Every structure is written in structure tokens, then in C-alpha cells.
Amino acid sequence: MNKTLVALTLGLLLGGCQSAPAGIASHPGERAFHYMAELSSPSEGIGARPTTTEAESRTAEWLSNRLTSWGYPVRQLPFDYTDKAGAAQHSRNIEITLPGKSSQIIVVGAHYDSKGAEKGSLGTTDNASGVAALLASAEALRGETLPYTVRMVFFGAEENGVNGSKAYVAALSADELANILAMVNYDTIAGGDILYVHSAHSDVKEYKCSDPARYRFDPKVRDRLLSLSQQGGMTPYQQHVGFPGYPAGETGGWSDHAPFACAGIAVASVEATNFTINGEEGYDGYSQTNNTALWDCYDSATQSACHRKGESQWGKIWHTRFDRLDRLLPLFPGRLEQQLADGTQLMMRYLRDPAL
Ligand SMILES: [Zn+2]
């Protein structure tokens, strides 16, 4: 699909992007889809947002402007870090606060940088999807007083070592830390075949924390999100089944929930993938779809590659040429719209009734 056609399709789907919430685009889920398109389509807005690039900082600007236009005071949280190659780098987190009856805090977060631009990825699902669902939630919750104070954080520099969330947690005071009751991470909440909520891992060793004594495994945030998703009006989210090294419903420390778990906070992480596929490294959730267009050859009998040695694609969307709207929309008709609506709805339900 070419750019003009995508723009046309989006225009039809969304009834015009720039104008205010009216008609078809007024539903939070539809607004989320629109923000995902703006963030990840060069024809609509930004496009690829590779870590450490000008596009990453332009995205932070874009987020700040959007949040400011809704009346939220925006905190800019710049940070320095050393990347995996040892080079000094700079990025920033963007934070807003949603008022709550209690001064105790729930943190919700999503990273806005992307990976795989050299392969054609525009970071639509990873992670414009998570950012978009949080944005649409913030927009819809304007003027509401929630049960708990909510800090919504858009993290930079996740893709080269969860640097934004590490810096965010490192900057928290002891008082603030003691006041944070829960953290929910949205990373790649659309694209994959099945919607999951994970807790941290019951084995502290999986998280490589600098101070393992502070680590906390508490599945209560996951369990609340799962139960809220089962109350009708949306697709029920699932726990992945257990596989060697990963008990059912538990995930590793590779995204922005990890520094919070290491600081003793109960976390959950939401993602769309497919743990029933026997992928390149087994049942680890890295193969996101059994859609045969994303495999050299998929064998539905074994739920794996026909030829494990020769397979080059493994049903992966993230960081590949498939992670862009113009490829995803025809491959998965209706899916992204539904998943964005579900992710947005789930976040709003949780913030209104976290049962902490
Ligand atoms: Zn990601």
C-alpha cells in the first residue's frame, strides 16, 4: 500500500485526524488508533523514532505539545546514560500527573523510541501502540479525580537497555518510592495474535537487579488487570501458559517494568504476542503471529517453522519491516483498531478501579 492510500484509508477510518473529538474519532480507542498512526507514519506525523536520534527527541517534543494542549503540566525529565557500546547518550522522559483522591501513586508507562528502522520498521506496534493507548487514556480522563494519583510516563531510550525507566526510578526519593503502589507497563500492546498481561518473575535472578534484596514479585497488578478485562465489552486478556524457565503469567526483565520491580514495586506488563508458537528459542513469546505472511514457511500442525534451520522470519513483527501501518493493516484487518481500543479501555478501567 502506498502512502497516499494509507492516508486515504486512515482518513476514512478516522474521519480526519487533526480535528477535535467529534463523530467517529471521539471514542478513546479510536483516538488511540489515530495517535498510533500519527506517531508511526511519516505521512501522518513522525515515523521511525530510533533511540539516540533527532527523531527520538522530536517525538518527546510532540508528546509534550500534545499533553500540554490538554491542560496537563508536563515535566521534562532529561537523563544521561551510557549505551551498550560505552558511548555517552542523552534522552528524556516525559511525565504528567493525573490527580487522585489519595496521594499514593500508580505509575503507568510506555517507551516512545523505536528499533529496526534500517529494516523498514516504523515502530507502529513497538511501541507507538502503548504510547497511543496512554495518550488516549490521559485525554479521556481529563477533569476526572481518580482514586489514586497517577503518574503517566513516556520513557526514552528503552530499546538500548531500558535506560529511561532506569533513570526514572533512580531519581525517585525514598518517600516517593514508598508511596508508589503499582506500575503498569504498556509495550507492544497491539499486533501479536493474543493479548497478555504478565507479572514480574517469581525468580529474582531473572531481573539482574543491582540490589536484588529490594526486588519484589507480586502478581496483584496483573491479576487485577486480567479480571477487569473479563468484565465484558472488550477482549479478555490472558496469562501465557507456563514454559521452561517462565511460569504461567510471568515475564522477564527486558522492558520498562523491570527497574520498578527491582525497586520493590508491584508491576504488570501488557503485550500482544503468541506464546503458543514454538519459536526460534522455544515458547518465549518472541514469535508474535502465526500469520503465514510473516513466515518463510509455517507449519500449523507443529505451530512452528516447517524448517527450523532455514526459517528467517519467525512470525516477528517487532523491529522488522512488518512493524508499520501500511503493512499491518492489510495483513490484520481490524485487529489493530480492536487491540488499541481494548488497551485503552483496560487502562481506563484500571486507573478508575485498581482495587489496591
Ligand atoms: Zn518495545
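The values are calculated or read from the model by the stated rules, or taken from the named source; none is laboratory data. Computed from a predicted structure; not experimentally measured. With ideal geometry, Cβ positions are generated from the backbone for all residues, glycine too; neighbour counts draw on all protein chains shown. Heads up: the accessible areas ignore ligands, DNA and RNA and are worked out on the full protein's heavy atoms, side chains in. Shrake-Rupley method; radii C 1.70, N 1.55, O 1.52, S 1.80 Å.
Values computed for the structure shown
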quantity	calculated
Gain on full stretching of the segment that runs from residue 292 to residue 104 - 0.36 nm per residue minus C-alpha separation	63.0 nm
Convex hull per residue volume in Å³, alpha carbons only, for the chain	134 Å³
For the chain, share of DSSP beta bridges that run antiparallel, in % to the nearest 5	50 percent
Per-pair calculated FRET efficiency, R0 = 30 Å: residue 205 and residue 174 via Cβ, rounded to 0.05	0.75
Residues in the stretch 208-226 that a label on residue 82 would reach, taking backbone N under 19 Å of a point 7 Å out along Cα→Cβ	208-211
Computed [θ] at 222 nm, deg cm²/dmol, the chain (DSSP H ≥ 4; -39,500 (n - 2.57); rounded to nearest 500)	-9000 deg cm²/dmol
Sulfur and carbon atoms: percent of accessible area, the chain [1.4 Å]	53 percent
Probe 1.4 Å, accessible area per residue of the chain, Å²	39 Å²
Chain lengthening between residue 302 and residue 70 when straightened (0.36 nm per residue, less Cα-Cα)	78.6 nm
Qualifying trypsin sites (Lys or Arg not before Pro) in the stretch 124-232, DSSP loop, other Cβ atoms within 10 Å at most 13	142, 208
GNM result for the chain, Cα springs below 10 Å: residue of 249, 264, 282 fluctuating most strongly	282
Euclidean distance between Cα centres, the stretch 299-315 to the stretch 87-165, Å	34 Å
When the stretch 38-160 is reduced to its Cα atoms, the Kirkwood hydrodynamic radius in Å	14.9 Å
Projected-area mean, the stretch 148-243, by convex hull of Cα positions, square nanometres	8.0 nm²
Residue 175 - accessible surface, heavy atoms, 1.4 Å probe, Å² rounded to 10	120 Å²
Rounded to whole Hz, the Karplus (6.51, -1.76, 1.60) HN-Hα couplings of the stretch 109-121, x for glycine and proline	x, 7, 8, 10, 7, 9, 9, x, 4, 5, 9, x, 5
Unit charges on C-beta of K, R, D, E only; dipole of the chain, Debye	400 debye
Cα-based Lys proximity count in the chain, under 15 Å, for pairs eight or more positions apart or on separate chains	5
For the stretch 267-356: Kirkwood Rh in Å [reciprocal of mean 1/r, alpha carbons]	14.7 Å
Per-pair calculated FRET efficiency, R0 = 22 Å: residue 243 and residue 312 via Cβ, rounded to 0.05	0.40
Simple spin-label estimate for residue 352 and residue 281 in nanometres, 7 Å along Cα-Cβ	3.9 nm
Viscosity 1.567 mPa s, 4 °C: Kirkwood-radius Stokes-Einstein D of the stretch 207-321 over Cα pairs, µm²/s	82 µm²/s
The stretch 78-128, Rg to Rh (Cα coordinates; Rh as Kirkwood inverse mean 1/r)	1.11
